[in-house]
Amino acid sequence: MSGTGTVGTPILRKEDRRFLTGRGSYIDDLQVRGALSVAIVRSVQPHALIEGIELGAARCSGGVEAAFAGTDLAPLAQPLSMAAVPFVKHAAWHALAVDRARFVGEPIAAIVATDRYRAEDARALVEVNYQPLEAVVDVEAAVRPGAPLLYDEWKDNLLLRLPHEAGDVAGAFDDADVVLKERFQSQRYTGVPLETRGCIASYEHGKLTLWSSTQWPFMVRMVLAEALGIPENRLRVVAPDVGGGFGNKQHVFREELLVSLLAVQLERPVKWIEDRSENLLAGVHSREQIHEVEIAAKSDGRILGLRDRILADIGSGALYFQGFAPAVVTAVSVPNPYDLPNYAFDLACVVTNKAPCGAYRGFGMPEATFAMERSIDLVARHLGLAPVDVRIRNLIRPDQMPYRTSTGTLLDSGDYPATLEQAVRSFDLPAFRKEQERARAGGRYLGVGVVNFVEASGPTMFPNANRGGAYDRAMVRVEPDASVTVFTGLTSQGQSHETSFAQVAADALGVSVEAVRVVAGDTEGTVFGLGTWGGRGSTVGAGAIRAAAEKLLEKILSIAASILQVPPDLETADGRIHVRDDPGSGVPLVDVARVAYHETFRLPKGQEPGLEAIGVFDPPNVDPFPDQSGLMNACVTYSNAAHIAVVEVDPGLGTVKVLRYHVVEDCGAMINPMVVEGQIRGGIAQGIGGALYEELVYDENGQLQSAGLMDYLMPTASEVPRVHIEHRESPAVYVPGGFKGTGEGGTIGPGAAIAAAVEDALASFGVQVTRTPVSPSLVLDLIEKGQGRWGRIFRGGEVCSG
Amino acid sequence: MKPFVGEREISVRVNGVEHHATVDVRILLADFLRQDLGLTGTHLGCEQGPCGACTVLLNGEAVRSCLMFAVQANGAEITTIEGLSRNGALHPLQESFSRNHALQCGFCTPGMVLAALDLLRRHPQPNEELVRAELSGNLCRCTGYEGIVDAVLEVAGRMQS
């Protein structure tokens, strides 16, 4: 292929126009004639038997078509479960809970009415008779003997217990000069896409159509077909425009099953659009983990061994797929990017009477990075060494690549020390230290935190649901008029696929990006694929498109050669196929298309009519499941980055503001640098949210206190600084084109970077940050408890020791 | 069963077009625009106020259409996102948003663009800090805001020159 391609260039997005003019088609914008609206009655008890539900008054309310309890719908479908995954305990759950509620917000009844207002009116008339059971809300309480059980048949609240040890951990701890222990905590928070969940189901002539704000329509189809007993070829799932997913829409929801069941029962289309309270209450939660870390080091800063006991709170567990998957990713990711063969983890995934946990951008890597980077900083402080130096001493070196970690991860490429050194150099740490001193003299507390990490991308399905694999698929078609259509198995929730996928196909075929249109999201309108999550877009999504385009190109060249009566040593550019190095010669693609579709008698021997090809990218280096030692390489490639955060802390108020954010990242080759940088900036905004502001807070009665955006604080334009980004390029070894994933990295660094920066800002107070969010009350608490300080006295703007 | 809602007749001028309708007294302005008028560009992100996705211009001011009833807009002049482009030509703000990659999923975009338009009408020459403060009532979960801020500053610069 020759000619000027657009891959690697920051071209503007093709999809912008409809979004800018308010003509996107999100789920609530779709009009399905005659659709009824569903309002869901949700449990107000964290743990209770459902003794009875009074639907009589609701049924009589204006505009109500029908009302259902769990007992009405349970016989009509198989429950959802994770039975396909062999290593976890099983639970099963119906669309509506039948006899027991296990978290506040669990769906227990459904009202169907002419419109949402009337459905909600009727919902207020429903009476539920609960018999409260003892609830357990704290994860550590949930693992104590005698804790109330969510699933009686389990005999405890452990969904999964996964111990793993590699290398010689005991020997490492024996050899160490220092052994440090610390407890790190990540709070419960989640993606909160600006568009809530929603779906519409319509059942006609034995075929069910479900429109859903989802990240993976074929998986939704697969799971619902099984639950409903409808064959997959009579179940169409369509993802329309989706207003953000971030993993929170990479599940199969009981509400999707509910709406489908109702559509079949009522023989009317049924629509459910979640409001924000429901989304926060009963959508997907994430990230809640406790790490008890022990780290063994030599006095020169070399880390010899690490032990991490991880408690992951996964809520009620009633979610397809469950939150054990991110927790497993956490456990196996902790030592990345360090040369640390002596690593042991003990992971416990525990159910509690809270909303179920699942996928959120970063998928366990932020929690792992927080534990690891905070541990490195702990060692550095204890030994009196510079945190950057301790990292450099322990990072995997480029000559060690590809590097097999202690958990089986095969890190393909990347120069981690150079990335960190570049970040520190271009940030100019010495200059910041002077600025910090001047600020301190002026009564301001600035601090800097430096962290680095690995971002995995292109994962296999195994930890999620033990279905599908790591592959994806695409079809590329040159239409009779030579316009090009790309059908992908991925869908977009803002990742710019209509542009970046078009770039990949256009370059491969030698046509303009304008000539290529990307089609996605409809199980009847595109090829089977596994959806968008885990940085699959630039890796397996683009890889499949490239494979399809290259297959098609062979046919195009063969036909062109036949037209030109030359050997097929041809190349494409600007929509023409010409003899190599003779651009003046050649034929336009439309001539090739004419032969392929209309003048098929001119096709060369062995070529069939038509111009389309299906391509697959199935990563050769991804393991389908762990080996006998529990080792597994789960992803096709691994990016890396260094993040540096500058904060200002007000020790009187406890407030933290992020002033600067500096990134050096290596995601290999880039399809569209503008898109890459947008993903990084967006991820960092979410990471800052998690570091400082966002928390899903439950009280001791299992009631969610943060069920609205006034309490669940998300960063605004005032909280997110400009992000300086520099790129390095270590191409992905196993991905054609060398692209690595980059969608999640932004969320992985900020927690650890900001925690370190706050410690640095408050060094004189002896503050140690071991948890997020670093809220004002936490900061004030840490200052009060700081080493050598008795408390804070606020005098004329200066905070002094007592 | 006695109905507990009433109805009113309202007249509103939306994007230059006069509409007369009989509405439930409790229907939100956002729902009226989206459902009754089919203008689905105005989005609902929270229905409580903080997110700003539902921002429209009402009698020249940015308002949250999820926090108003349609009946409160009786007699008003409303601009929604659909009213911004003229004869297929994008407003400079819309073009600038695209140039600066100020949108990804697009869900916050209509409210953000209208809030930005309102901001620039009140402060034709804002600095970055003011832009950020003024747009802090519009949440975006995708972009990290930098492209949005750049887009607004770029348009402000152009309106000046």
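The values are calculated or read from the model by the stated rules, or taken from the named source; none is laboratory data. No experiment lies behind these values; they were computed from the predicted model shown. Glycine gets a Cβ as well: all are built from the backbone with ideal geometry, and neighbour counts include every protein chain shown. All accessible areas refer to the heavy atoms of the entire protein, side chains included, with ligands and DNA or RNA removed. Shrake-Rupley method; radii C 1.70, N 1.55, O 1.52, S 1.80 Å.
Here is how the numbers come out for the structure above:
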quantity	calculated
Residue check, A:GLU435 of a type outside the set (A, V, I, L, M, F, W, C) and farther than 30 Å from A:PHE739 by Cα	yes
Residue in segment A:71-78 that is open to solvent by less than 10 Å² (accessible area, probe 1.4 Å), of a type in the set (Ser, Thr, Tyr) and at negative phi present	no
Any hit, segment A:11-32, residues being part of a strand (DSSP E or B), more than 13 Å from chain B (Cβ to nearest Cβ) and either out of contact with any helix residue (DSSP H, G or I) (no Cβ under 9 Å at 6 or more places or on another chain) or touching a residue at least 24 places away in the same chain (Cβ under 8 Å) (or both)	no
Residue in segment A:528-537 that is part of a helix (DSSP H, G or I) and buried (at least 19 other Cβ atoms within 10 Å of the Cβ) present	yes
Of all residues in segment A:672-692 being of a type in the set (Val, Ile, Thr) and open to solvent by 10 Å² or more (accessible area, probe 1.4 Å), the one that is nearest to the other protein chains (Cβ to nearest Cβ)	A:VAL675
Residue in segment A:616-625 that is closer than 30 Å to A:SER406 by Cα and over 22 Å from the mean Cα position of the chain (by Cα) present	yes
Residue pairs meeting the criteria (Cβ under 8 Å; at least 6 apart or on separate chains; first open to solvent by 70 Å² or more (accessible area, probe 1.4 Å), in segment A:597-613; second assigned to a strand (DSSP E or B))	A:GLU612/A:MET475; A:GLU612/A:VAL476; A:GLU612/A:ARG477; A:GLU612/A:VAL478
Residue within segment A:47-66 that is in contact (Cβ under 8 Å) with a residue 12 or more places away in the chain, at positive phi, within 14 Å of chain B (Cβ to nearest Cβ) and not in a strand (DSSP E or B) present	yes
Pair list, Cβ under 8 Å, 6 or more apart: segment A:717-732 residue without any contact (Cβ under 8 Å) to a residue 12 or more places away in the chain, other residue of a type outside the set (A, V, I, L, M, F, W, C) and outside any strand (DSSP E or B)	A:ALA717/B:ARG132; A:ALA717/B:SER136; A:ALA717/B:ASN138; A:ALA717/B:TYR145; A:SER718/B:ARG132; A:SER718/B:SER136
Filter result (among the aromatic types (Phe, Trp, Tyr) and either over 30 Å from A:THR655 (Cα atoms) or assigned to a helix (DSSP H, G or I) (or both)) within segment A:429-448	A:PHE432
The one condition in (1) closer than 19 Å to A:ILE748 by Cα; (2) buried (at least 24 other Cβ atoms within 10 Å of the Cβ) that A:GLY305 fails to fulfil	(1)
Filtered residues of segment A:131-169 (kept if assigned to a helix (DSSP H, G or I) and in contact (Cβ under 8 Å) with a residue 60 or more places away in the chain)	A:VAL139, A:GLU140, A:ALA142, A:TRP154, A:VAL169
Residue list for segment A:483-521, filter: open to solvent by 30 Å² or more (accessible area, probe 1.4 Å), of a type in the set (Asp, Glu) and more than 13 Å from chain B (Cβ to nearest Cβ)	A:GLU514
Residue match in segment B:135-149 (condition: more than 9 Å from chain A (Cβ to nearest Cβ) and surrounded by fewer than 23 Cβ atoms within 10 Å (Cβ to Cβ))	no
Some residue of segment A:265-280 being hydrophobic (A, V, I, L, M, F, W, C), open to solvent by 10 Å² or more (accessible area, probe 1.4 Å) and closer than 30 Å to A:LEU76 by Cα	yes
Residue satisfying all of: in segment A:693-729; under 20 Å from A:ASP313 (Cα atoms), within 22 Å of the chain's Cα centre (by Cα) and hydrophobic (A, V, I, L, M, F, W, C); least open to solvent (accessible area, probe 1.4 Å) among these	A:LEU696
Matching entry among B:ALA53, B:ALA89, B:ALA70, B:ALA62 (being crowded, with 20+ Cβ neighbours inside 10 Å and within 11 Å of chain A (Cβ to nearest Cβ))	B:ALA53
Candidates A:LEU304, A:LEU281, A:LEU261 - the one that is part of a helix (DSSP H, G or I), farther than 22 Å from A:GLU694 by Cβ, among the hydrophobic types (A, V, I, L, M, F, W, C) and touching a residue at least 12 places away in the same chain (Cβ under 8 Å)	A:LEU261
Scope segment A:101-141; condition open to solvent by less than 10 Å² (accessible area, probe 1.4 Å) and more than 22 Å from A:ILE50 (Cα to Cα); matching residues	A:ALA113, A:VAL139
Residues satisfying the stated conditions in segment A:769-780, i.e. assigned to a helix (DSSP H, G or I) and either open to solvent by 60 Å² or more (accessible area, probe 1.4 Å) or out of contact with any Gly (no Cβ under 9 Å at 6 or more places or on another chain) (or both)	A:SER777
Residue, surrounded by the most Cβ atoms within 10 Å (Cβ to Cβ), within segment A:200-222, restricted to residues that are closer than 22 Å to A:ARG361 by Cβ and touching a residue at least 60 places away in the same chain (Cβ under 8 Å)	A:THR214
Test: A:GLY384 is of a type outside the set (Asp, Glu), free of Cβ contacts under 8 Å to residues at least 12 places away in the same chain and farther than 30 Å from A:VAL697 by Cβ	yes
Only one of A:VAL128, A:VAL104 that is away from every other protein chain (no Cβ under 14 Å), more than 30 Å from A:GLY468 (Cβ to Cβ) and either part of a strand (DSSP E or B) or among the small types (Gly, Ala, Ser) (or both)	A:VAL128
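Conditions (1) assigned to a loop (DSSP other than H, G, I, E, B); (2) in contact with a Pro (Cβ under 6 Å, 6 or more places away or on another chain); (3) within 21 Å of A:VAL658 (Cβ to Cβ); (4) modelled with pLDDT of 95 or more, marked per residue:
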{"position": "A:GLY702", "(1), (2), (3), (4)": "yes, yes, no, yes"}
{"position": "A:LEU713", "(1), (2), (3), (4)": "yes, no, yes, yes"}
{"position": "A:GLU719", "(1), (2), (3), (4)": "yes, no, yes, yes"}
{"position": "A:HIS724", "(1), (2), (3), (4)": "no, no, yes, yes"}
{"position": "A:PRO736", "(1), (2), (3), (4)": "yes, no, no, no"}
{"position": "A:GLY746", "(1), (2), (3), (4)": "no, no, yes, yes"}
{"position": "A:GLY751", "(1), (2), (3), (4)": "no, yes, yes, yes"}
{"position": "A:ALA755", "(1), (2), (3), (4)": "no, no, yes, yes"}
{"position": "A:VAL767", "(1), (2), (3), (4)": "yes, no, yes, no"}
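Residues are listed down the side, and each one gets a yes or a no for (1) in contact with a Lys or Arg (Cβ under 8 Å, 6 or more places away or on another chain); (2) more than 8 Å from every other protein chain (Cβ to nearest Cβ); (3) open to solvent by 20 Å² or more (accessible area, probe 1.4 Å):
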position	(1), (2), (3)
B:SER85	no, no, yes
B:GLN94	no, no, no
B:THR109	no, no, no
B:ALA116	no, yes, no
B:LEU119	no, yes, no
B:HIS123	no, yes, yes
B:GLU128	no, yes, yes
B:VAL131	no, no, no
B:ALA151	yes, yes, no
